[in-house]
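One structure is given below, encoded as structure tokens.
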Number of protein chains: 2
Amino acid sequence: MTIDHVAIVVKDLDATLRFYTETLGFQELYREVIYDQGVEAVGLKAGDSCVELLLPLDEASPIARYRGDSPTKLHHTAYRVADIEAALRSLKEKNVALIDERPRRGAHGNSIAFLHPKSTGGVLIELCQPSGARPAD
Amino acid sequence: MTIDHVAIVVKDLDATLRFYTETLGFQELYREVIYDQGVEAVGLKAGDSCVELLLPLDEASPIARYRGDSPTKLHHTAYRVADIEAALRSLKEKNVALIDERPRRGAHGNSIAFLHPKSTGGVLIELCQPSGARPAD
């Protein structure tokens, strides 16, 4: 298991992006609207992983309500797996509750699935099988 | 900038550790009491990064109050830097508020420093210069 990305939900994408790139020195790797998740996502290169900034498209959505008035808030961790269907089958056999019983499409064509926080102790966990379409640099 | 670790504050270290190792398949890399931070920390190997589970030593501490009744909660992200003193100087010049103006000792002898959340948009960010003492496998 490796960290694919750490996701941070934000209120002002441009201001947060300036902080992470100009102040902290991260490099922007991709920017994409993920309609399925209702967010605009910006990926920042962090070695072989990413810090992913998520701007909710709808301020009435659960992800915006989770963030609330905070300018930024840690949202989820995504772990990279080689075979997401096998991983989901294995977790289901271990009685882990899944938000997504089948993988769906994430950023740049990745296959992703969220585990249900009631089975993870409250932290939202995503599994992610890369499509190989993510820019490497 | 790479991700050194993602830290999760927990209520029941053994139960959380069982979930991350037996259910999710992570490998325990280190376990250490960090008195300076008031936590027992368990590092789980995630590629070249770690997921770090933090059990507060004192249930009246700020980190325990932050977690509250949740069994687990995302606490901070730590980014690896080559020269933490230079990184802190550079951030100070950019008017970033620092919790630690000078590095202090983290797990396995690392030099660490926290940025103040008022300058980061609310997410707690740690900088971490590895000592090289962390077990590699």
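The values are calculated or read from the model by the stated rules, or taken from the named source; none is laboratory data. In this text the structure is predicted, and so the values were computed from the model without any measurement. Quick reminder, even Gly has a Cβ in these numbers, built from the backbone with ideal geometry, and neighbours come from all protein chains shown. For the accessible areas, the whole protein counts, side chains as well, though only heavy atoms, and no ligand, DNA or RNA atoms are used. Shrake-Rupley method; radii C 1.70, N 1.55, O 1.52, S 1.80 Å.
Please verify whether B:Arg102 is modelled with pLDDT of 95 or more and buried (at least 20 other Cβ atoms within 10 Å of the Cβ), treating the condition exactly as stated. In short, no. Residues of segment B:39-65 that are over 24 Å from B:Val81 (Cβ atoms) and either among the small types (Gly, Ala, Ser) or within 14 Å of chain A (Cβ to nearest Cβ) (or both): B:Leu55, B:Ala60, B:Ser61, B:Ala64.
Elements of the type strands (runs of 3 or more DSSP E) sitting completely within segment B:28-84 and holding at least 1 residues that are more than 18 Å from B:Val123 (Cβ to Cβ): these cover B:39-46, B:49-56.
For the condition under 17 Å from A:Asp4 (Cα atoms), open to solvent by 20 Å² or more (accessible area, probe 1.4 Å) and more than 14 Å from the chain's Cα centre (by Cα), A:Ser131 qualifies. As a summary of the residue check, A:Leu88 satisfies the conditions (1) open to solvent by less than 30 Å² (accessible area, probe 1.4 Å); (2) part of a helix (DSSP H, G or I); (3) at the interface with chain B (Cβ under 10 Å from one of its Cβ atoms) except for the one numbered (3). Inside segment B:1-26, can you point out the residues that are open to solvent by 50 Å² or more (accessible area, probe 1.4 Å) and touching a helix residue (DSSP H, G or I) at 6+ places or on another chain (Cβ under 7 Å)? B:Lys11, the sole residue that qualifies. Just so you know, in segment B:15-38 the residues that are within 14 Å of chain A (Cβ to nearest Cβ) and among the acidic types (Asp, Glu) include one that is farthest from the chain's Cα centre (by Cα), and it is B:Glu22. The condition (being at positive phi, surrounded by 14 or more Cβ atoms within 10 Å (Cβ to Cβ) and either modelled with pLDDT of 95 or more or away from chain A (no Cβ under 12 Å) (or both)) is satisfied by just one residue among B:Gly109, B:Gly122, B:Gly68: B:Gly122. Among the residues of segment A:77-93, not a single one is closer than 23 Å to B:Gly25 by Cβ and touching a Phe, Trp or Tyr at 6+ places or on another chain (Cβ under 7 Å). If a residue has to be in contact with a strand residue (DSSP E or B) (Cβ under 9 Å, 6 or more places away or on another chain) and free of Cβ contacts under 8 Å to residues at least 24 places away in the same chain to count, how many in segment A:28-45 make the cut? Here the count works out to 2. Is it the case that some residue within segment A:37-51 is in contact with an Asp or Glu (Cβ under 6 Å, 6 or more places away or on another chain), open to solvent by 50 Å² or more (accessible area, probe 1.4 Å) and within 20 Å of A:Pro103 (Cβ to Cβ)? Within segment A:37-51, not a single residue is in contact with an Asp or Glu (Cβ under 6 Å, 6 or more places away or on another chain), open to solvent by 50 Å² or more (accessible area, probe 1.4 Å) and within 20 Å of A:Pro103 (Cβ to Cβ).
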